1. Using the structure shown, decide if B:Arg432 is more than 14 Å from chain C (Cβ to nearest Cβ) and either of a type in the set (Val, Ile, Thr) or open to solvent by 10 Å² or more (accessible area, probe 1.4 Å) (or both).
2. Looking at the range C:16-36, which of its residues are within 23 Å of C:Asn213 (Cβ to Cβ) and assigned to a loop (DSSP other than H, G, I, E, B)?
3. Inside the range B:7-46, can you point out the residues that are among the aliphatic types (A, V, I, L, M) and within 7 Å of ligand 1 (Cβ to nearest atom)?
4. Return the pair list, or none, for Cβ contacts closer than 6 Å from residues in the range C:209-225 that are crowded, with 21+ Cβ neighbours inside 10 Å to residues that are among the aromatic types (Phe, Trp, Tyr), at least 6 apart or on different chains.
5. Limited to the range A:54-79, what total is found for residues that are surrounded by fewer than 24 Cβ atoms within 10 Å (Cβ to Cβ), within 14 Å of ligand 1 (Cβ to nearest atom) and within 23 Å of C:Ser295 (Cα to Cα)?
6. For the range B:333-366, give me each residue that is of a type in the set (Gly, Ala, Ser) and either within 14 Å of another protein chain (Cβ to nearest Cβ) or surrounded by fewer than 19 Cβ atoms within 10 Å (Cβ to Cβ) (or both).
7. Looking for something open to solvent by 50 Å² or more (accessible area, probe 1.4 Å) and away from chain A (no Cβ under 14 Å) - is there at least one such residue anywhere in the range C:234-248?
8. Do we find that B:Ala88 is surrounded by 15 or more Cβ atoms within 10 Å (Cβ to Cβ), touching a strand residue (DSSP E or B) at 6+ places or on another chain (Cβ under 7 Å) and away from chain A (no Cβ under 14 Å) in this structure?
Amino acid sequence: MFRRSEQDKRPQVQIFIDGVAVAARQGDTVSAALLASGVDVRRSTAVSGAPRLPYCMMGVCFDCLITIDGVGNRQGCLVPVAEGMQIEIQKGKREIGQ
Amino acid sequence: MTVAPRREDYDVVVIGAGPAGLAAAATSAEAGLTTLLLDENIGPGGQVFRAISSTPVTDRNQLGADYWVGADLVQSLRASSAEVIPRATVWSLDRNLDIAVSIGGASAFVKAKRVILATGALERPFPIPGWTLPGVMTAGAAQTMLKSSALVPDGRTVIAGQGPLLWLLAAQILRLGGRIDRILDTTERGNYLAALPHAFAFLTSPYFAKGLSMMREVKAKVQVVSGVAELAAAGDGQLASVSYVAGGRRETIPADLLLLHQGVVPNVNLAMSAGVEHRWDDLQLCWSPVLDASGNSSVAGIAIAGDGAGIGGANAAVVRGRIAARAAVDALAPAAAARLPAMATLRADLAKAERGRLFLDTLFRPAPQFRIPSGDTIVCRCEEVTAKDVLDSVAIGATGPNQLKAYRRTGMGPCQGRLCGLTVTELMAQARGKSPQEIGYYRLRAPVKPITLAELAAVPKSEADVKAVVRG
Amino acid sequence: MSGEYDVAVVGGGLLGSAIAWGLGRLGKKVAVLDEGDITRRASRANFALVWVQSKGLGMPAYTVWTVQASQAWGRLASELKQQTGLDVSLQQNGGFHLTLGEEEFGQRTELVKRMHNQVGAADYKMEMLSASQVKKSLPLIGPEVSGGSYCPLDGHVNSLRTFRAFHTGFKAFGIDYLPERPVSAIGKSGGEFHLTTPKGELRAAKIVLAAGNANQTLAPMVGLYAPMGPTRGQIVVTERTMPFLPHPLTTIRQTDEGTVMIGDSKEDELDDRALKHSISAVMTDRAQRMFPHLSRLNVVRSWAGIRVMPQDGFPIYDQSETHPGAFVACCHSGVTLASNHAFEIARMVAQGVLEPELVGAFSASRFGGAGAANSSGY
Ligand SMILES: Cc1cc2nc3c(=O)[nH]c(=O)nc-3n(C[C@H](O)[C@@H](O)[C@H](O)COP(=O)(O)OP(=O)(O)OC[C@H]3O[C@@H](n4cnc5c(N)ncnc54)[C@H](O)[C@@H]3O)c2cc1C
Ligand SMILES: Cc1cc2nc3c(=O)[nH]c(=O)nc-3n(C[C@H](O)[C@H](O)[C@H](O)COP(=O)(O)OP(=O)(O)OC[C@H]3O[C@@H](n4cnc5c(N)ncnc54)[C@H](O)[C@@H]3O)c2cc1C
Ligand code: FES
């Protein structure tokens, strides 16, 4: 859906999406990295299970909710990636302990 | 790394580091006031200057000269004594000017003598059928990725809607080598006529020449369909096609990405939760705070600057930020005010920056069918409430958004009405034959953005607080 | 506003709505007069427990009344479901009040004892449980939980959906719900009540005042008395999470939607627009000590509601001596008592007299005082 412009010379950062290594760039938000990855990163909503992807990328819509390093329902569009970050795509409601 | 505010009390706390907040904080700090600038984002710049200090887009022409203006603003701020904390989400502001801010998962509490809210705008909801499908995003979202990560649309891409930002985004995507298959312009034909009386001011404003050349640039490369009167996204769990009606003809085109945009509206959540009075703006079709000429709101000590004060654009945001800061300096350190530009000069700057706005607002006033949905179209994305659900509630007696909320949970999700509030007000107004002002808005309360339960639990408490809860 | 009504109900919160719905169910022609969108409406702000344990200390009749309501709730839920298709998610599998530390455990034990010593209260089997006993039902409790009390009759419901179900049911019963019509004056002439509203006058043979705390000012217009002492309560609610809490607690419950509600403070403040985060902090701190897993959930909203609170904390149901046909109803725990209001109070209003054996204890004559002189003490 999105691809990187060639002029982007930022260093790579490795993150994991559901355990699979993916190359992101330093300064990406989690959501941007996910959308650039080409992986199916659709979450499903807590209400009906409908599939969603980030909508606003500026922190207002909450359609980018995602589990980051074990903590659920974070706004992926506001969190910068970090080396080794573990991302899990959420399906439905969040687990209580996460 | 987590940075807490250095002090508990500040003369001025500025919330939001877009053009308004950057200008306000620099001005206030230059005058010697203790100043704290808080912003939720990773870096300064707000929406217009997003990622100004970090963008990987190095070719200056691609983002345009208007973008790089932001670098000067950031520079002035950095040169000042203002304390700046990024990734700091303000979740509570009240009438006593007590501020709660979440930084790295922990809350800090600061008190201000003056608060300047510069929380900006967000894109107007665009509730068409299928707007919740993966593959449908706002144009601003694509622009955010373009500015901060040099990402451009790759698959079959349709941009739909209207307004200057839409053309700017299209131009930027093309300059970065991205793909746009079609642009669906939803500007109502009648708007051109309505805007005509305001054309002179616009023609003599800087917007005109820039806007025109950008549209030419885009139209030379992309098929543009004008007069689009109906729009829907479809697909099974993922966007597959966009259908539209223009000139009486329906057409359906395959698409992987649909970018929607019909202008921006003030982000009212923090201001409203602090009790700031807002009024319905019949031209801009949104809630705007009631402010005096210096940006002071109905709550003593809270001023609002930038697009949160009513949409005025980035240049106006800068000037409004300076005006609000100057007013704070006048009140708190009158002697220092002499060093700043005179209020009269700033007001003249503002008039200049706002030139042509009336024309734009009239021309790009979104059509009712794109603001007020019907049937199964989702209104509240969080709680998945449809237009029909809202109308059913009106039929059983809901008179406004708050009773609707009780019946249907609209606005109760994490976005707290940001993506449904305007739609709900206008939909109910239409159904009840009332004005949006009469219908009103959700009552908003802190936390305006979610915080963890542990974070709330860590707020300092007194013996009396405990007594109010533990009652045997 | 035209038309004459058998009954005009003043107030469209849970009390007015339940009573109006019950009257409509009996075939009465009913109007509900209510305020508009922004108002203090406890029915939109409550914690939604259908709660029995510890109710009625100092007034045994209230215990009996509460137990009866709890038992009738199932019938109310199924009638609402049948009529409106709305499932109000009533769950009555017993509820807990958890204690933190030994001191709280001791205090709660005392309270349970006092309840048991009161006539009529023993029926509902409120009992103290140790922490390990609690853990059998609530495996996720934290180490600070010292135990708690349990009552098998306790439960909870989706109170907002109940509210909507009543209002949806109005349509089917032909009840006129008339919002944006606050009643400013009430008179009686020609055997009829005349209610003044900004949108005109409305006439009815009988009236029920169910305007929450506003009953205090409305009641004297028709020779009734309703001394109120409202308090504020704050509630915090989290995002939706997977089901983890099989029973409701006095201060924590998981809704059928998955959100976790954490309640609720009691303050003398009456400004429902402001919030004290330090009080929410006590509530959430206690909640995470009871269930450590909660600490990482996000809080998405918090609010303050103003309780409808008769001065001594017990319900007021009364009928006017001077203005026959005028009734007043107000109480805290309007969720719990909704079934009684829909079935019993509605039935008695329809027949024209409150039955002393059932609700005599709730007459405002118990307050003594000037206003009470007019009240019948039926
Ligand atoms: C997505 C988007 C893209 C845009 N792009 C352009 C563009 O390219 N060119 C243009 O001319 N105009 C653009 N605009 C219009 C925009 O409104 C500008 O006019 C300008 O950015 C407004 O400046 P501002 O200072 O008022 O607020 P903004 O620039 O919007 O800045 C507000 C800041 O406040 C922060 N904030 C908000 N709430 C909180 C909180 N509770 N706690 C902490 N921080 C908070 C935000 O993170 C943001 O950084 C865009 C608008 C949007 C919504
Ligand atoms: C924080 C909190 C937690 C609670 N938790 C529980 C719980 O767990 N379980 C439980 O059983 N109960 C609980 N309650 C109590 C319960 O919510 C109330 O008892 C119940 O909602 C009262 O309903 P009501 O209709 O009397 O009052 P309200 O809901 O306040 O309604 C009164 C209505 O009268 C209208 N009105 C006022 N003046 C006029 C006028 N002049 N003319 C016409 N209309 C008028 C108002 O607009 C309003 O609609 C709680 C309450 C609060 C605040
Ligand atoms: S994409 Fe909208 S909040 Fe993150």
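1. No, not satisfied.
2. The answer is C:Asp34, C:Glu35, C:Gly36.
3. Within the range B:7-46, B:Ile15, B:Ala17, B:Ala20, B:Leu38 meet the criteria.
4. C:Ala219/C:Tyr225
5. So the count comes out to 3.
6. Those that are of a type in the set (Gly, Ala, Ser) and either within 14 Å of another protein chain (Cβ to nearest Cβ) or surrounded by fewer than 19 Cβ atoms within 10 Å (Cβ to Cβ) (or both): B:Ala333, B:Ala335, B:Ala336, B:Ala337, B:Ala338, B:Ala342, B:Ala344, B:Ala348, B:Ala351.
7. No, the range C:234-248 contains no residue that is open to solvent by 50 Å² or more (accessible area, probe 1.4 Å) and away from chain A (no Cβ under 14 Å).
8. No; evaluated as a whole, the condition is false for this residue.
The values are calculated or read from the model by the stated rules, or taken from the named source; none is laboratory data. None of these values were measured; they are calculated from a predicted model. Ideal geometry is used to build each Cβ from the backbone, glycine not excepted, and the neighbour counts take in all protein chains shown. All accessible areas refer to the heavy atoms of the entire protein, side chains included, with ligands and DNA or RNA removed. Shrake-Rupley method; radii C 1.70, N 1.55, O 1.52, S 1.80 Å.
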